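Worksheet for the structure shown next.
The values are calculated or read from the model by the stated rules, or taken from the named source; none is laboratory data. On a predicted model such as this, the values are computed, not experimentally measured, just so you know. Every residue, glycine as well, gets a Cβ built from its backbone with ideal geometry; the counts of neighbours run over all protein chains shown.
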Amino acid sequence: QLILGIETSCDETAAAVIKNGTEILSNVVASQIESHKRFGGVVPEIASRHHVEQITIVLEEALLQAGVTYEDLDAIAVTEGPGLVGALLIGVNAAKAVAFAHGIPLVGTHHIAGHIYANRLVQEIQYPALSLVVSGGHTELVLLEEPGSFKVIGETRDDAAGEAYDKVARTLGLPYPGGPHIDRLAQEGSPSLKLPRAWLDGSYDFSFSGLKSAVINSLHNAEQRGEKIDPKDLAASFQASVIEVLVTKAVKAAKEYDVKQVLLAGGVAANKGLREALTEAFMDLPMDISIPPLYLCTDNAAMIGAAASVMFEKGKRSGLDLNGNPGLDLEVF
Ligand code: ATP
Ligand code: MG
Ligand code: FE
């Protein structure tokens, strides 16, 4: 089974060919970070324009590197949401065009299902599984009782983890995206500042806006007193708070739902501190932990092909009326 995955939900134009849902034959990612950097974040209009320029080149490159043609494919998978609507539409329209032209089945795919199933490219998934999704727009605990079924048992009530990383980084004057810079500084600093942890009364939900404000306030207060806070210590203190909450809730949920595996997913899964803390926390617990390599944590199309393969096997097919859906629901897509 060969699936061509296409991903254009944000600022990466990506295409990949996946064999049997588990093997990467090609994985092409054209990143736009350099174009958005000077604006301090992703500019939707610029993102759409780059996708239009890149999509055919990226598609051809993915097929070329995999050594296959359209005639060899069993399905074309594309991210239908969530994401920026103008960006999603470029991928969806390209997918529809090639699916129609070559008579190949089309499978609309959820971006977060993709982040989760990136783990299938690393090892066989054992169900029930729990995924800790930490990305630029999402922070969720998702229960997978069987292949292709998703139950959100907790989610963020305000900022996503990645969003908080990027905002704190911006306050410290670090370039976009700030997550990797905070991660690097945190390794060099010590978590000496007292910052809040949002436990939310034992709920599996998350909240990071209070923490973000606390970081910004401590910087401003120190400035007014004419003092200096070491950015390394601030980064380490912020990261310690984020990680402690994420790991504690993931451990509690993994035990309560008695899962066989815990799957780390999303761009923030690239975080060194989080990867170490999660590995350590599950060391003596019976469930396996799966942590994808960095290139499968941030946006890519291999993960879309992997997720679509599961949905394709369950019989999912999309019509040529498929549309980009910025608010696509993970539980019912
Ligand atoms: P979503 O997947 O929710 O639609 P997105 O696709 O924009 O959002 P991803 O590409 O999955 O998000 O992740 C990008 C986020 O990951 C950014 O916020 C970035 O700062 C963060 N990130 C990347 N590497 C690290 C790291 N090492 N530490 C912390 N955060 C990181
Ligand atoms: Mg991105
Ligand atoms: Fe993403």
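For the reader, a short list of remarks on this structure follows.
- Residue among 268, 242, 262 that is buried (at least 20 other Cβ atoms within 10 Å of the Cβ), of a type outside the set (Phe, Trp, Tyr) and assigned to a strand (DSSP E or B): 262
- Among the residues of region 36-61, just one is touching an Asp or Glu at 6+ places or on another chain (Cβ under 8 Å) and away from ligand 3 (no atom under 15 Å from the Cβ), namely 50.
- Taking the listed residues 94, 129, 66, the one that is touching a strand residue (DSSP E or B) at 6+ places or on another chain (Cβ under 9 Å), of a type in the set (Gly, Ala, Ser), at pLDDT 95 or above and crowded, with 24+ Cβ neighbours inside 10 Å is 129, with no other qualifying.
- So residue 219, is it in contact (Cβ under 8 Å) with a residue 60 or more places away in the chain, out of contact with any strand residue (DSSP E or B) (no Cβ under 6 Å at 6 or more places or on another chain) and in a helix (DSSP H, G or I): no
- The residue that is surrounded by the fewest Cβ atoms within 10 Å (Cβ to Cβ), counting only those in region 132-156 that are of a type in the set (Ser, Thr, Tyr) and touching a Ser or Thr at 6+ places or on another chain (Cβ under 6 Å), is 156.
- Taken over region 289-328, residues that are in contact with a Pro (Cβ under 7 Å, 6 or more places away or on another chain) and buried (at least 24 other Cβ atoms within 10 Å of the Cβ) amount to 0.
- Subset of region 155-189 (residues that are within 16 Å of ligand 2 (Cβ to nearest atom), of a type in the set (A, V, I, L, M, F, W, C), outside any loop (DSSP other than H, G, I, E, B) and more than 14 Å from residue 216 (Cβ to Cβ)): 161
- Considering region 242-275, and only residues there that are more than 25 Å from residue 210 (Cα to Cα) and among the acidic types (Asp, Glu), the residue that is nearest to ligand 2 (Cβ to nearest atom) turns out to be 256.
- Looking across 152, 134, 98, one residue alone is closer than 16 Å to residue 269 by Cβ and either out of contact with any Asp or Glu (no Cβ under 7 Å at 6 or more places or on another chain) or in contact (Cβ under 8 Å) with a residue 60 or more places away in the chain (or both). It is 134.
- Qualifying positions in region 10-26 - away from ligand 1 (no atom under 16 Å from the Cβ) and of a type outside the set (Gly, Ala, Ser): 17, 18, 19, 20, 22, 23, 24, 25
- You will find that of 308, 250, the residue that is under 30 Å from residue 93 (Cβ atoms) and assigned to a helix (DSSP H, G or I) is 308 and no other.
- Residue selected from region 23-60 under the condition over 18 Å from the mean Cα position of the chain (by Cα) and assigned to a loop (DSSP other than H, G, I, E, B), by the criterion farthest from residue 173 (Cα to Cα): 43
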